[in-house]
Structure formats: C-alpha cells, structure tokens
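The values are calculated or read from the model by the stated rules, or taken from the named source; none is laboratory data. The model shown is predicted, which means the values in this text are computed figures rather than measured ones. As a convention, Cβ positions derive from the backbone with ideal geometry for all residues, glycine included, and neighbour counts pool all protein chains shown.
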Amino acid sequence: MEAFICVFQSEEYVSELEGSMMVQCSERLQENASKELFKDCTKLIHDFLAMAPFADYLDSMFFNRFLQWKWLERQPVTKNTFRQYRVLGKGGFGEVCACQVRATGKMYACKKLEKKRIKKRKGEAMALNEKQILEKVNSRFVVSLAYAYETKEALCLVLTLMNGGDLKFHIYHMGEAGFSEDRAVFYAAEICCGLQDLHQERIVYRDLKPENILLDDHGHIRISDLGLAVHIPEGETIKGRVGTVGYMSPEVVDNERYTFSPDWWALGCLLFEMIEGQSPFQQRKKKIKREEVERLVKEVEEEYSDKFSEDAKNICKQVRDPSKRLGCLGGGASEVKGHPIFKPINFKRLEAGMLEAPFVPDPQAIYCKDVLDIEQFSTVKGVEIEEKDESFYNKVSTGCVSIPWQNEMIETECFVELNVFEQDGAVPPDLDWRGQPASPPKQGLLQRLFGRADCCGNCSDSDDEPTRL
C-alpha cells in the first residue's frame, strides 16, 4: 500500500489512470509479468491523447518542426548524396562498396545492382523482392536498408556497413578452422533472434550460410543478402528448390511444400560448421556433385568429432522430418532458444544489445579479400535499357527508409544540432511564419501567358522596341 501511495505522489504519475487499474497492474506484476501487463493502461492513455492533447499538438510549433523533419527525410536521393570508397566484395548483380553520406558522415555499404545484368538474368522480381523485404524488417540481427536510389547504370541499395567480415572468412582464414563452442553458440543465438524477427513478419530466409552472416565493429552479427527470402501469407505454404547446396533441407531438395522449417535445418548445419570447421555434408575445396550432396542430406548421418559437447551434438543432429524438427513444433524460435546449449545466453539482454560478443574485430584490420583479389564483372552485351523498364526502377529507387534514416539523424547528432527551440518557449525564427513575407498570389495560366508582366515584346501595346525575329 505504501508503494501504491508513492505512485500517486510521483512527478510522473498519470492522473488519467484509474486507481483500480493501477492496483490490478501491481497484482499482475507479482503473479505473471509479461509484455501484455500494461495493455489496458496503454489503450486508455492512447484514447486520452487522441483527443484534446493531439488537437493542441497540431496547433503547436512542435508539429511544424515534425513537418520540417519529414520534408527533409523525403528529399531526393542521388549518387551525389554519397561519397564512394573501396570495393568490399561482389553481390549477385554487381559490386558492393563502402560509401558515406556527405551531409552526416555516416558510413554504409552500397550494393549495386547493374541494370543490364538484372535484365539479362531476368532478376527484376528477385531484386525488387529483396528491397521490399529489407525495407519492411527492422531488426538488430538483420542488415537494414537505409536508402535506395538509381544511377544511369545501376540500382543501389545502401545497407548497414559490417566492418568485421563474414563468418566464412573467420571460420577458415583466422587460424585453425572453426570456433570454440562458446563462440559458435553465441553467434547461433543471435542468428536465432534474426530468424525470429524474419519469421514474425512471415518471411522465410532460405539462404543461411557462413558468407551471409556478417560481423559489425563490436563483434555482433547480422543476417544479410535477402535475395531468396520470401513472404508466406498466413495459413499458406510454399515450395521451391532454392538455396545453397549443402544447406538446403530435405523438404527443399525434394521440392515439397514448407513454411519456416528450412531455416532451422540450415541453422543446425551452420552451427556444425562453426564448431567443426567443415560443412556437415561437403568438404571445403573438394568438388562433390550436387546429386551426391543431396543424397547425403537425405540419407546419411553426419559424424561428430570430440569438438562437440553432448548438447552441441543434440541440437546439430539433423531431423529430416520437418514436423519433428526443433523450431517446427508450434513454438518457433522459442523452442530453439529453450535448448540446453543456450542456457548461458540471457536472450532478453542479447536482444537489447547488452551482451558483449566473444570476439571484437580489430578496427585496423580488413576482414575481406584484397581489392585486387576480387574478381571483376564482365561487361554485359546485347542488352538495352528500354522505357518500359523505368516502372521497375521507380519501384526500387524510393529514397530514404524512415527508421534507419531517423536513427542516422540521432546517431550522428544532427537531430540534437538542428532540433533547437527557444529557451523561453518562444517560437524559433525558422518556425515563426508571422515574421515571413507573404508569398505573392499565384497567377492563373492565362495571366501567366498573356499578362503584361510576361509580355514578349512583340505585342502592339508594348512600350519596348519589338523583338526582331
């Protein structure tokens, strides 16, 4: 009761909340704390704010400042918005290079999709799908799309810059192949969170492999390259033999229908590879026919070395029947998170970005191939860009993506620098419309064409010398 009285005396007490509702929240907090605890309170506050407070906001200078920011956010984005730096690698349709926003200094990775290469390989649907999915997902564990624009030669997707390289580089080019189990489990936990965020949007990833998992400056991972990801409508299934050989699940190999099961199969394959330093179904630098790899996937049990604990063996052991696979039993990612191997991981803190990574990249090191070692794309011949292609380009090159752009404004302190109000509560000069000169009234079309102010000098009643043609 004393705590309840203190709430009423608090400076942050919201008087619109009924006392009975607060008592109910307090009781629920003791019994069964969950994110649904404040659902009723939130609705009540929203309903209150939607009335008189919102009307007051629309009449305030704060709303005008909001409109200024939205206007700035919607400014056209072109190649001149960025500075271009070194090539980082290759994508499916072009190079990936580092770039910097001129106005803020924020660094990104620019994925260039060459227009002629897209058209030659009929990759329009794939490119547009990746852009739309990246735009929709906002996750700490999936790369974010910040800008999308076009040049004469390419469509450009500006993405989170991951300076730490990909997992394939770290598994095979940083000493002895593979990681310690603790490090592998940490990455698997973050990947699990990324898959959960995708699956909550009903998106199945379908291309989980080491080269698609990137490390940032602090050693945390993000899932990248969503070209094969696809949205699955509620209550439906899909089919398609897509993915990378050695990581495709048996149901994908057999071209059966599925929802999210291929991603959990691939997570087991990836965890195996991180610990063992070798893929479970094929050896690195040893050519095996696709048919043989697919036979191994469907029929042969993987072998475990002494690098694996019993928990690691248990979670990596591939269950070929998707209906019996961990993550596919009705609980999704929560089933995987509940496995004993993740007992040391506090997922709440992990999802909030509060856990330190087991490995932090050296800021002076470059965790990718030398520029000279990155193969150059050949010139695309026999393909011409036509007017009908413009509708597709317009769907891709849509400028800023709201949440990443707003985060950029905050991180680079542009928001703090520009969002200034007068200390005495007075209206800032840039929001004081009363002090601005009135704009001249707009003239109609006939007035603009035939008015004396726009006279060409050839009219009979003009005071000037007629123009000689």
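Residues are listed down the side, and each one gets a yes or a no for (1) outside any loop (DSSP other than H, G, I, E, B); (2) under 30 Å from Phe63 (Cα atoms); (3) of a type in the set (S, T, N, Q); (4) at pLDDT 65 or above:
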position	(1), (2), (3), (4)
Cys368	no, no, no, yes
Gln376	no, no, yes, no
Gly425	no, yes, no, yes
Pro441	no, yes, no, yes
Cys456	no, no, no, no
Ser462	no, no, yes, no
Margin query: Given the criteria in contact (Cβ under 8 Å) with a residue 60 or more places away in the chain and either in contact with a Cys (Cβ under 7 Å, 6 or more places away or on another chain) or of a type in the set (Val, Ile, Thr) (or both), does Thr42 qualify?
Written below: no
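Taking only the range 52-78 into account, find how many residues are of a type in the set (D, E, K, R) and surrounded by 14 or more Cβ atoms within 10 Å (Cβ to Cβ).
Within the range 52-78, residues that are of a type in the set (D, E, K, R) and surrounded by 14 or more Cβ atoms within 10 Å (Cβ to Cβ) number 2.
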Scanning the range 398-411 for residues that are in contact with a helix residue (DSSP H, G or I) (Cβ under 9 Å, 6 or more places away or on another chain) and either buried (at least 19 other Cβ atoms within 10 Å of the Cβ) or without any contact (Cβ under 8 Å) to a residue 40 or more places away in the chain (or both), the one farthest from Tyr108 (Cα to Cα) turns out to be Ile410
For Ile221, the lone unmet condition from (1) of a type in the set (Val, Ile, Thr); (2) without any contact (Cβ under 8 Å) to a residue 40 or more places away in the chain; (3) under 24 Å from Val142 (Cβ atoms) is (2)
Scanning the range 382-394 for residues that are surrounded by 14 or more Cβ atoms within 10 Å (Cβ to Cβ) and modelled with pLDDT of 90 or more gives Phe392, Tyr393
Worksheet item: Could we say that Lys307 is surrounded by fewer than 22 Cβ atoms within 10 Å (Cβ to Cβ) and under 30 Å from Val96 (Cβ atoms) here?
Response: no
Notebook entry, point to check: Does Ile275 qualify as being β-branched (Val, Ile, Thr), modelled with pLDDT of 90 or more and over 27 Å from the mean Cα position of the chain (by Cα)?
Noted result: yes
Apart from one, (1) in a helix (DSSP H, G or I); (2) touching a His at 6+ places or on another chain (Cβ under 8 Å); (3) among the aliphatic types (A, V, I, L, M) all hold for Val336; the odd one out is (2)
Flagged pairs (Cβ under 8 angstrom, 6 or more apart or on separate chains; first in the range 88-105, over 23 Å from Lys119 (Cβ atoms); second among the polar types (S, T, N, Q)) are Ala98/Gln84; Cys99/Gln84; Val101/Thr81; Arg102/Asn80; Arg102/Thr81; Ala103/Thr81; Thr104/Thr412; Gly105/Thr412
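So that you can scan it fast, the table gives a plain yes or no per residue for (1) crowded, with 23+ Cβ neighbours inside 10 Å; (2) outside the structural domain of Leu208 (by the TED database); (3) not hydrophobic (A, V, I, L, M, F, W, C):
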position: Pro250; (1), (2), (3): no, no, yes
position: Val253; (1), (2), (3): no, no, no
position: Arg257; (1), (2), (3): no, no, yes
position: Gly268; (1), (2), (3): yes, no, yes
position: Phe272; (1), (2), (3): yes, no, no
position: Gly277; (1), (2), (3): no, no, yes
position: Lys286; (1), (2), (3): no, no, yes
position: Lys298; (1), (2), (3): no, no, yes
position: Glu302; (1), (2), (3): no, no, yes
Flagged pairs (Cβ under 7 angstrom, 6 or more apart or on separate chains; first in the range 244-260, farther than 15 Å from Gly327 by Cβ; second acidic (Asp, Glu) and part of a loop (DSSP other than H, G, I, E, B)) are Thr244/Asp207
Filtering the range 273-332 down to residues that are of a type in the set (Gly, Ala, Ser) and in a helix (DSSP H, G or I) yields Ala312, Ser323
Do we find a residue being of a type outside the set (A, V, I, L, M, F, W, C) and part of a loop (DSSP other than H, G, I, E, B) anywhere in the range 168-176? yes
Of (1) in contact with a helix residue (DSSP H, G or I) (Cβ under 8 Å, 6 or more places away or on another chain); (2) within 24 Å of Thr244 (Cβ to Cβ); (3) not in a helix (DSSP H, G or I), Leu128 satisfies every one except (3)
Practice problem: Report whether or not Tyr205 is among the aromatic types (Phe, Trp, Tyr) and either at pLDDT 95 or above or touching an Asp or Glu at 6+ places or on another chain (Cβ under 8 Å) (or both). | Solution: yes
Worksheet item: For the range 79-87, does any single residue satisfy the condition of being surrounded by 12 or more Cβ atoms within 10 Å (Cβ to Cβ) and not assigned by the TED database to the domain that holds Leu155?
Response: no
Checked against (1) surrounded by 11 or more Cβ atoms within 10 Å (Cβ to Cβ); (2) modelled with pLDDT of 70 or more; (3) assigned to a loop (DSSP other than H, G, I, E, B), Glu36 satisfies every condition except (1)
Note to self: Being surrounded by fewer than 21 Cβ atoms within 10 Å (Cβ to Cβ), in contact with a Leu (Cβ under 8 Å, 6 or more places away or on another chain) and within 26 Å of Val245 (Cα to Cα) is the requirement here; does Glu181 meet it?
What the structure shows: no
